[in-house]
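Quick notes on the structure that follows.
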Amino acid sequence: MKIANVLLAGLLVLALTGCSKGPSVDDIREDMQSTARDFVEVQNVEILEVKEEGERHVEVTVYYEVYFMEGIDEVMSDMNMFAAGKLASTMGRFNKGEVRNGEAMYRYRKTNDGWTLVD
């Protein structure tokens with residue numbers, strides 16, 4: 001009976017301290033959206049892999065989809081020529097309503113406030 005109480009207390013401590021191996025999908029989606037351009041919306045983020053890198057660091061590989069809220073012609077009309085050219089070479093042509101998917105890797109550090117994206 002004492003062993004069961006000790007195990008139960010241990011599980012309770014783990015639950016209360018947030019024994020997490022990395023950031024949540026919602027946290028990652030928020031971080032991705034905060035660094036994305038304002039004409040895309042990050043959707044359907046899934047964690048594919050979490051690798052621990054030391055005591056308080058993880059590398060997270062995610063699958064994601066981006067939804068284009070504007071087409072490239074609309075976006076480029078608001079940019080200078082250099083920025084427009086760089087955008088077109090990076091992303092190619094895209095249309096309003098188009099959805100693209102991909103994979104990305106992010107590094108996070110555990111802090112007292114939770115998981116923080118490392119630049």
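A short reminder: the numbers here are calculations on the coordinates, not readings from a lab. Quantities reported herein were computed from a predicted structural model and do not represent experimental measurements. With ideal geometry, Cβ positions are generated from the backbone for all residues, glycine too; neighbour counts draw on all protein chains shown.
For the reader, a short list of remarks on this structure follows.
- When only Cα pairs below 8 angstrom with a gap of at least 6 residues are kept, segment 55-119 shows a relative contact order of 49 percent.
- Using the average count of surrounding beta-carbon atoms within 10 Å as a protection proxy, the listed peptides 60-73, 99-112, 26-39 rank, highest first, as 60-73, 26-39, 99-112.
- Once backbone amide H atoms are built at 1.01 Å from N, Lys96 has Gly71, Ile72 as its partners under 5 Å, excluding neighbours fewer than 5 places away on the same chain.
- What the Cβ-Cβ distance of Ala88 and His57 gives, at R0 = 30 Å and to the nearest 0.05, is a FRET efficiency of 0.25.
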